[in-house]
Amino acid sequence: MTVTILFLGPLRDLAGKQLLEVEGPLDWSGLLEAVGPDVAEQLGEQRVNVACAGKVLSDKTRLNAEDGDEVALLPPVSGG
Amino acid sequence: MARLTIDTPLDVRLLDKGLSVGEALAAFNAANGEAGGVVSFLGKVRPDGDVRALELSHYEPLTLPGMRELAEAARDRFALDGALVWHRIGVMTPGEAIVLVATAARHRRDAFAAADYLMDHLKSAAWLWKRERRADGWHWIEPRRHDHEDIARWE
């Protein structure tokens with residue numbers, strides 16, 4: 001079992017991939033390291049959100065993903 | 001052809017292909033027989049410069065649940081009889097419908113305000129990402145400051 005990191009919207013292009021599988025557990029510093037410097041820089045911005053297991057984290061720096069969880073990286077939205 | 005059935009009081013959908021506006025509004029109207037007024041808004045892909053296509057992507061665990069919460073908030077805030085919130089995902093071409101919102105209320109001002117509220121929130125708070133294909137390829141669309149000013153009106 002692993003933690004799946006999913007890149008949404010423009011972060012997919014920045015990462016050059018749709019998803020990345022890493023060994024769990026995964027915390028904030030582990031996430032920053034796993035995604036590479038370009039995506040990590042974006043994650044530092046307040047307007048980029050992180051969801052874990054289908055819930056948006058109110059404080060993304062307290063990420064604590066277990067094996068089997070999906071961690072979604074959510075850039076600013078543009079609907080309608 | 002099976003008749004379109006509308007969930008009441010809230011019908012919230014993500015659609016991966018074209019939507020029939022007339023059929024949806026007729027069914028929504030029929031489902032809200034007690035309402036004094038129905039307001040609808042149809043958002044379309046603007047034929048703009050060299051934009052050839054537009055693509056909306058979503059995130060399954062968040063997008064539809066978030067739209068449902070938004071519809072519930074609108075119903076409570078504006079005392080709606082019902083609301084229809086349909087959003088396209090996938091690839092669309094200029095002139096195609098992207099979003100259809102309809103609100104039914106006892107009085108027209110609630111229905112107008114609720115449709116406006118729903119649209120402002122769909123534009124800048126729904127979990128959707130938009131990109132455009134122009135002559136030189138795909139470009140992600142950043143949210144505009146205007147969109148955030150629109151949503152701030154409701155705080």
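All of the numbers you see were taken from the coordinates with simple rules; none came from a lab. Everything numeric in this text was worked out from a predicted model, so none of it was measured. FYI the Cβ positions are ideal-geometry reconstructions off the backbone, even for glycines, and counts take in every protein chain you see.
If you check A:R62 against the conditions, is it within 14 Å of chain B (Cβ to nearest Cβ), of a type in the set (K, R) and either touching a Phe, Trp or Tyr at 6+ places or on another chain (Cβ under 8 Å) or more than 27 Å from A:M1 (Cβ to Cβ) (or both)?
No; evaluated as a whole, the condition is false for this residue.
Taking the residues in the stretch A:11-38 that are within 14 Å of chain B (Cβ to nearest Cβ) and crowded, with 19+ Cβ neighbours inside 10 Å as candidates, determine which candidate is farthest from B:L56 (Cα to Cα). Steps first, answer last, please.
Going through the stretch A:11-38, the residues within 14 Å of chain B (Cβ to nearest Cβ) turn out to be A:11-15, A:18-19.
Those left that are additionally crowded, with 19+ Cβ neighbours inside 10 Å: A:11-12, A:15.
Working: A:L11: 14, A:R12: 14, A:A15: 19 Å.
Step by step, filter the stretch A:11-38, then rank; the result is A:A15.
Which residue is nearest to the other protein chains (Cβ to nearest Cβ), if the candidates are limited to the stretch A:65-80 and must be over 24 Å from B:H87 (Cβ atoms) and over 9 Å from the mean Cα position of the chain (by Cα)?
Among residues in the stretch A:65-80 that are over 24 Å from B:H87 (Cβ atoms) and over 9 Å from the mean Cα position of the chain (by Cα), the one nearest to the other protein chains (Cβ to nearest Cβ) is A:D69.
I'd like to know if the stretch A:54-74 contains one or more residues that are within 20 Å of B:W129 (Cα to Cα), exposed (fewer than 13 other Cβ atoms within 10 Å of the Cβ) and without any contact (Cβ under 8 Å) to a residue 60 or more places away in the chain.
yes
Could you check the stretch A:55-80 and list, in sequence order, the residues that are under 17 Å from B:W127 (Cα atoms) and of a type in the set (S, T, N, Q)?
A:S58, A:S78
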